[in-house]
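Down below is the structure, laid out as structure tokens.
The values are calculated or read from the model by the stated rules, or taken from the named source; none is laboratory data. What you see is a predicted model; the values in this text were computed from it and never measured. For neighbour counting, all protein chains shown are included, and Cβ atoms are generated from backbone atoms with ideal geometry for every residue, glycine included.
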Amino acid sequence: MVDANLAKGECTGTIKFTPPLYKQRYQFIKDLVNKYKPKKVADLGCADCSLLWMLKFCKCIEVLAGLDICENVMKEKMHRLSPLPGDYLQPSERTLTVTLYHGSVAQKDPCMLGFDLITCIELIEHLEATELEKFPEVVFGFMAPAMVVISTPNSEFNPLLPGVTLFRHPDHKFEWDQAQFQSWALDAAGCYDYTVEFTGLGAPPPGAEDVGFCTQISVFRRKYPNTGEPINLEKPTENSYRTIFKAVYPSLKDEKYLQNAVVSEVINTAQIITRRLLDSFNSVYKEHSNGLVEMKPDFQLPRYFMRHSKNPSLAEGEKLADDRNMETYVSGNAVYIPLIKIFSIPKVNKLCGTFENLSKLITGKVALSNDGSAVVISTEHEEKENE
Amino acid sequence: MDPLWRPPIPGAAPYRVPLGASLPRAEPCSSCTKSQPWGRAGRWPPGEPRLPPAPRGRSRQEPLASDLSSMFRGIGFETVPRPTLGRATQPLGRGVLSWATSGMEAKPGTSVQPGLPAPEAMAAGDNNAGRTSVACGMVFAQKEAAAPPVPFGRAALVLGRAKPKASGDLPFLNANISRPSALQPASPMFTHRAEIPPAISVEQVERKDPVVKKGSKGTAFPLALNLIKIHCQNEAVYQYHVTFSPNVECKSMRFGMLKEHRSVTGDVTAFDGLILYLPIRLPQTSDLKSQRKTDGVEISIRIQMTKILEPSSDLCIPFYNIVFRRVMKILEMKLVGRNFYDPTSATVLPQYRLQIWPGYSASIRRTDGGLFLLADVSHKVIRNDSVLDVMQAIYQQSRENFQDECTKQLLGNIVITRYNNRTYRIDDIEWSKTPKDSFTTSDGKEITFIDYYSKNYGIAIRDLGQPLLIHRPKEKQSPDGKLLRGEILLLPELSFMTGIPEKMRKDFRAMKDLTYQIHLSPKQHHTSLSALLQRIKQNEAASEELLRWGLRLDTDVSRTQGRVLPMERINLRNSSFVTSGDLIWTKEITREPSLSTVPLHYWALFYPKRALDQARELVSIMERICGPLGMKLNQPAWVELKDDRIDTYARTIKSVLGSEGKLQLVVCIITGTRDDLYGAIKKLCCVQCPVPSQVVNARTVTGQPSKLRSVAQKILLQMNCKLGGELWGIDIPLKQLMVIGMDVYHDPNLGMRSVVGFVASTNHTIYLWLVVFQMPHQEIADGLKLCLVGALQKFHEVNHCLPEKIVVYRDGVSDSQLKMVANYEIPQLQMCFQAFTNYQPKMVVFVVQKKISANFYSASSEDFGCPPPGTVIDHTVTSREWVDFYLLAHHVRQGCSLPTHYICVLNTANLSPDHMQRLTFKLCHMYWNWSGTIRVPAPCKYAHKLAFLSGQVLHHEPAIQLCDKLFFL
């Protein structure tokens, strides 16, 4: 892919596309992804991974793969596909794995099976005749994704572009006119049970409407439903691609990150509840002490709180147990916040799903009461602050 | 004009502003700023157009002139406006200058010459390193021509501040060096060479003669360093000059065209658009052709060899570092700021809502010992909360002054954004904007923040009413020479806070948890470095990346010999002793009388009613223990306060000081940790009604008698220092010596204003201090000159002679500013000597660097440990350009040894390396607030304390009356 350079060419002279055509092509794919929400997307001829980088922000995608014949061009910027520091701080709900393969689209590799969308942006014109010949069988026959998008230059548009003599780029092996591209696409679709629609980007200037779009695009959709099992399994293929990069994004599906998130949320919630309790205690206390400046030598929160809590019979044995399930209570130098109360916080609830899961995740990470039913927050520290 | 004054730089004379004459007056300034666009404007009182807007609601911007003049008054300078300077005018200083001949009287004013050009602006500047080698005079002319006030010299003012990250996220492979800023600090020659036509002949880079820096005193000690030797397997690196004809301006197009010729250059290249480095040898001249995509014109590319470099050449270091950065990326380490971290191994501290990421700071350097990887273990504290979360928490706690509170807590913090890999410092908050506002993208389109993040990153902004954070990057120069001063707006919701929260910093228990995580023992430290080396070795792609340039890392850290300096003798009044192994002498000094004490006849003790018991307890124990310390202590005036409000303290102290003129010391007992009360007391006693003061927290004087005793001892010793007493001394053979310490304090809340702390000795133990508040765009040297002249006056007052040798320890200077200090600041300082007749003292200037990544391990046993205090190393790890050494003066109790780096940038006294090292070590014994050795020489630490107190607490210069007392301890 040489989009960047090509776009520059397109921008000067008489014809100018804004935004540049290469960006429009990426945006086209992005729009398509947002519309059909594929989970597994592969970009064949991914070059410097610009499209993959854009797609990694699409929330629906869980598997992203890139394939290119040139290892160096992929390596140049592949680290942009790595998770960012921020991704570890607030792991996303979805999983995402990004893999880059070095290999040829004329060869089959089982790693490309089972995709929902495969894009080939400005790819086919770089293929040698022999490779182009194998291409439909590999992509439509073997990989057989639910959807394929192929874009390629429209040679009819070339006379309108300044400086273009034969092809738009020295590495292009051919550039097709609309009829050539459409007949090739229709053949492939017919042969492998796909439907195809044609569209394009970069509308021709007024007066030259019949040359068609600067970039021609065909969108293929598989007619038969996904059988679940890749149909070509009977002839297992050896790995012909080489993995050169793989990034697994942190996700809440991973128990380690889920646990971190839950523990953090639980402690935060418990601390807020404790602070509110102590604040309300302080304000009531101040009222009662009638603005006495002198501080009480020792901090008698438990007794005080008991006196003012809704339930005056807190000291009674049986009742105590009941209350402990529902109400925050204070004992000694600690505040006890029932787990069930924390579980009712929507954020915690959403993260854990079930109460059992909550208990399981925070055990050993958060200080709990002896029976494990409440989170314990020590108030010693708060006392010091109040002193 | 003073006929004796010799302009140091041709052309400077017209802009001379006689300091003594003009300082207190505003009128001459406004006229001089017109003719002198780059120099001084920042220092004149408000109303001057170039003063930056005062930061919201804080930091009084004191007119500096009055501060300085007040200081001058105190130290014997005449600050009354005088119409002319010169022989004919009346004598300058009253008392102090009476010894001087009339011929030099005018000089103190003139020699303190303001407004000289700032070459450092170029050395540190972005795109014009080519000019660094240009002589000063030429630069001067250039700037003169630049009519509008261009904030040159700003670089000098951010001394010690975090350096801008060295374009850490350069995305390129093959080291296409696209951002010269990344390169120039390391190789100023780089661009310069680029501008001259290439030499046709192939030249060998000559080896520099190593500077003499090795000492011999002390005993040899085996050490290991956190340096990993890099073996260069290639014979050479070849430097080529690439010309495009017809010329191609666009850098990326140059990159693109050269890339097309990989078949010739190979895959391994480093190219900045002009200069190409390859590990392979091409013919003397290669001619290639490319087609320009935009217009189809054929461009011929000529690659001419210009140099054959040693593979360890300085010119290679910048791209070696880029290569190493790629290695770290291959190892899946995340670049945050300039260091690499591994978030997958994070330690989560949920109670504090933060994570600690382990990682490394590592860079390739060429030192005296050759090419090394300098690797240090680093930890990044990152908070789980976004800035928005933090703001919401602030809102919960203080609704009334929410905005002020936010500004206070957030400004200066470093944030990391969620959607890319950048870190930004928060410089301000834009309260009037929200994500619904729009900004202009690079292609000129208006887009709202909401749309921008949704479109580019698929991020939906939740809080549409949040304010925006402002980051102001350092000015850059655009290709056409204009200064670009942009603002970057960030969304609080998408920014994570880094660093330890202020609240946690005050929480002793939390900090203990944290230091447990962060402080590694030497053994753990070494294990961690070994793990990194193993990872690089075992990762094929990573080692391959290094090998492309022929670099191979050694398997373990480098080992060498250091020396442990001889122990020193500490002198008390009646006895002396040699320090023991850990260099702590608390026991000795609490048993015997201090070197000299000041009898405390009149002092007042202020305490709130409920701290009466503690007050009584404190005084009674002080009376019991003052005898052994040799102190005479009378009963204080007991002043009981009816409550502990700030106002009560302030009013009472003021009235007592007003009625009691002879008061030597104010002691206040306060309850709880109250920064505001502490600040108020200090402001009152250091600025408004100058008197030494001691604030005691009531909590520290409660507890067991033994504990109480040691606390009281400490307080007494501290009080003695503040009164002007001396706790202990040390023998320094150099006579007529003045030792100077300087440090700079920066506070983002002060609106880029810095505070220079300056401390000079009048004998071997007594120090005198001076503080200067520094305005943005103002040169530090200006303030330093005032201080130095003042200090010399005082020295003469005390000793009736001027010092023969002056040794300066200058803190707060980064590597990139060393040349500026040596070539500009020091000559400025030396001009001060002209203020005195025939006075040419010998001068030694050390730059003191504490924040370095060098580390020593003791290799005397199988397991690495900490080397003993007094360990010095003056080879291998040292710089190739300077006389320098690393000294670990203090006893390391926790974690790794953190030696201090001393770089000698001037030595007209011809001190031998041994002398330098021993003098420095001796001075590390002289900090009276700690009965042991400290990391830096005492004057440096005093200067630091002083600048910190003035900047952080007082926000003002302390009263000059206190200048001969260590009131700031």
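A few points about this structure:
- Condition met for B:N413 (outside the structural domain of B:W882 (by the TED database) and closer than 30 Å to A:P19 by Cβ): no
- Count of the range B:576-589 residues, restricted to those that are within 21 Å of B:K714 (Cβ to Cβ), surrounded by fewer than 17 Cβ atoms within 10 Å (Cβ to Cβ) and either among the hydroxyl-bearing types (S, T, Y) or in contact (Cβ under 8 Å) with a residue 24 or more places away in the chain (or both), is 3.
- All of B:I382, B:I447 fail the test of being free of Cβ contacts under 8 Å to residues at least 60 places away in the same chain, under 29 Å from A:H79 (Cβ atoms) and within 13 Å of another protein chain (Cβ to nearest Cβ), apart from B:I447.
- Filtered residue count, the range B:901-920, keeping only those that are of a type outside the set (A, V, I, L, M) and assigned to a loop (DSSP other than H, G, I, E, B): 3
- A:F157 touching a residue at least 40 places away in the same chain (Cβ under 8 Å), under 25 Å from A:K40 (Cα atoms) and either more than 14 Å from chain B (Cβ to nearest Cβ) or out of contact with any helix residue (DSSP H, G or I) (no Cβ under 9 Å at 6 or more places or on another chain) (or both): no
- Index of the failed condition, B:S300 passing every other in (1) surrounded by 20 or more Cβ atoms within 10 Å (Cβ to Cβ); (2) in a strand (DSSP E or B); (3) away from chain A (no Cβ under 14 Å): (1)
- Within the range A:144-169, the set of residues being over 20 Å from A:T119 (Cα atoms) and either under 36 Å from the mean Cα position of the chain (by Cα) or not assigned by the TED database to the domain that holds A:E131 (or both) comprises A:R168, A:H169.
- Any chance B:K735 is under 31 Å from the mean Cα position of the chain (by Cα) and of a type in the set (D, E, K, R): yes
- Checked against (1) in a loop (DSSP other than H, G, I, E, B); (2) crowded, with 22+ Cβ neighbours inside 10 Å; (3) over 22 Å from the mean Cα position of the chain (by Cα), B:T876 meets all criteria but (2).
- So B:N697, is it surrounded by fewer than 14 Cβ atoms within 10 Å (Cβ to Cβ) and polar (S, T, N, Q): no
- With respect to the stated conditions, B:S521 fails to be buried (at least 18 other Cβ atoms within 10 Å of the Cβ) and of a type in the set (S, T, N, Q).
- Taken over the range A:173-220, the criterion of being hydroxyl-bearing (S, T, Y) and surrounded by 17 or more Cβ atoms within 10 Å (Cβ to Cβ) is satisfied by A:Y192, A:Y194, A:T215, A:S218.
- Scanning the range A:164-209 for residues that are more than 26 Å from A:D31 (Cβ to Cβ) and of a type in the set (S, T, N, Q) turns up A:T165, A:Q180, A:S183.
- Subset tally (residues that are surrounded by fewer than 22 Cβ atoms within 10 Å (Cβ to Cβ) and away from every other protein chain (no Cβ under 11 Å)) for the range A:57-82: 3
- Residue within the range A:372-379 that is surrounded by 20 or more Cβ atoms within 10 Å (Cβ to Cβ), modelled with pLDDT of 85 or more and assigned to a helix (DSSP H, G or I) present: no
- Failed item in (1) at pLDDT 90 or above; (2) of a type outside the set (D, E); (3) part of a helix (DSSP H, G or I), with B:W357 passing the rest: (3)
- Residue match in the range B:319-336 (condition: under 18 Å from B:V415 (Cβ atoms), of a type outside the set (A, V, I, L, M) and either more than 10 Å from chain A (Cβ to nearest Cβ) or in a strand (DSSP E or B) (or both)): yes
- In the range A:41-54, residue farthest from the other protein chains (Cβ to nearest Cβ) [restricted to those that are over 12 Å from A:T97 (Cα atoms) and not in a loop (DSSP other than H, G, I, E, B)]: A:L44
- Residues that are hydroxyl-bearing (S, T, Y) and over 28 Å from the mean Cα position of the chain (by Cα) were ranked within the range B:416-444; the one that is farthest from the other protein chains (Cβ to nearest Cβ) is B:S432.
- Residue that is nearest to the chain's Cα centre (by Cα), among those in the range B:652-689 that are under 15 Å from B:S950 (Cα atoms) and among the acidic types (D, E): B:D675
- Just one of the listed residues (B:I740, B:I780, B:I826) is surrounded by 21 or more Cβ atoms within 10 Å (Cβ to Cβ) and at pLDDT 85 or above, namely B:I740.
- Residue list for the range A:83-103, filter: buried (at least 18 other Cβ atoms within 10 Å of the Cβ) and not in a strand (DSSP E or B): A:P83, A:L84, A:P85, A:G86, A:D87, A:Y88, A:L89, A:P91, A:L96, A:G103
- Residues of the range B:448-501 satisfying the condition of being β-branched (V, I, T), out of contact with any strand residue (DSSP E or B) (no Cβ under 7 Å at 6 or more places or on another chain) and either modelled with pLDDT under 90 or in a loop (DSSP other than H, G, I, E, B) (or both): B:I459, B:I461
- Residue within the range A:115-136 that is in contact with a Pro (Cβ under 6 Å, 6 or more places away or on another chain), surrounded by fewer than 19 Cβ atoms within 10 Å (Cβ to Cβ) and at pLDDT below 95 present: no
- Members of the range B:342-354 found to be more than 7 Å from chain A (Cβ to nearest Cβ) and in a helix (DSSP H, G or I), listed by number: B:T344, B:S345, B:Y352
- 1 or more residues within 14 Å of another protein chain (Cβ to nearest Cβ): qualifying helices (runs of 4 or more DSSP H) within the range B:569-680: B:612-625, B:646-659
- Filtered residue count, the range B:834-855, keeping only those that are over 25 Å from B:P899 (Cβ atoms), touching a residue at least 60 places away in the same chain (Cβ under 8 Å) and either in a helix (DSSP H, G or I) or among the aromatic types (F, W, Y) (or both): 3
- Scope the range A:85-130; condition within 14 Å of the chain's Cα centre (by Cα) and of a type outside the set (V, I, T); matching residues: A:G86, A:D87, A:Y88, A:Q90, A:P91, A:S92, A:E93, A:R94, A:L96
- So B:Y649, is it over 15 Å from B:L723 (Cβ atoms), under 29 Å from the mean Cα position of the chain (by Cα) and not aliphatic (A, V, I, L, M): no
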